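The values are calculated or read from the model by the stated rules, or taken from the named source; none is laboratory data. Only a predicted model underlies this, so the values are computations on that prediction, with no experimental measurement involved. So basically every Cβ, Gly included, is an ideal-geometry build from the backbone, and we count neighbours across all protein chains shown. Heads up: the accessible areas ignore ligands, DNA and RNA and are worked out on the full protein's heavy atoms, side chains in. Shrake-Rupley method; radii C 1.70, N 1.55, O 1.52, S 1.80 Å.
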Amino acid sequence: MQDHGDTVEPDPFVEHYHVLKRMAHSRLRPHKAFTLFGTTGLVHESYLRVAAAGKVRHDDHPRFLAYVGQVMRSVIVDAAREKLAQRRGEGTPHEEFDDAMALLSDQPAKEIVQVHDALQDLSGSEPQLAKVLALEYFAGMTEAEIGECLTMSDRSVRRHSKKAHLMLRAMLA
């Protein structure tokens, strides 16, 4: 590769790969039985979607991580919806199986879709609460990381998180 005086911008995925892997791992850990892909697969699928969008600002690292967290959410929700569609037999012949086992294996996918839908509703009335909860639930970020991404103090993140959890429980009840 010849250098024509152009500077090559570092790839933020390479720069933050270890952080993105940790985010993916913390999000997938509770749903190992459901997961159709592993930590690396989630990071790589997120990379493909971010690269396809092609309009991400890489110079603001906290916002970049927040954006990738949203992309991971999208990947996870799409996989959950696909799993539920397959379970309903979309395009496949009907087979008899134990209904209790079907409910157990679908539970994590249903939870993911329900939380996603509730966050969509919450973002209409309380967008900041929805952002905090989405980064916590779907990206597995800590309070400090969320605060950095959303330029909020840890105390504000904690307060928003508690309120968002209460509202989410009420919405899912």
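Where does each of 167, 152 land when they are ordered by accessible area, with a 1.4 Å probe and the largest first? The partial results should precede the final answer.
Details: 167 60, 152 35 Å².
In descending accessible area the options line up as 167, 152.
Ordering 116, 165 by how much accessible area each has at a 1.4 Å probe, largest first, what is the list? Mind dumping the intermediate values first?
On the way: 116 35, 165 55 Å².
Result, largest first: 165, 116.
Placing +1 on the Cβ of every Lys and Arg and -1 on the Cβ of every Asp and Glu, with no other charges, gives region 113-173 a dipole of roughly 260 debye about its Cα centre.
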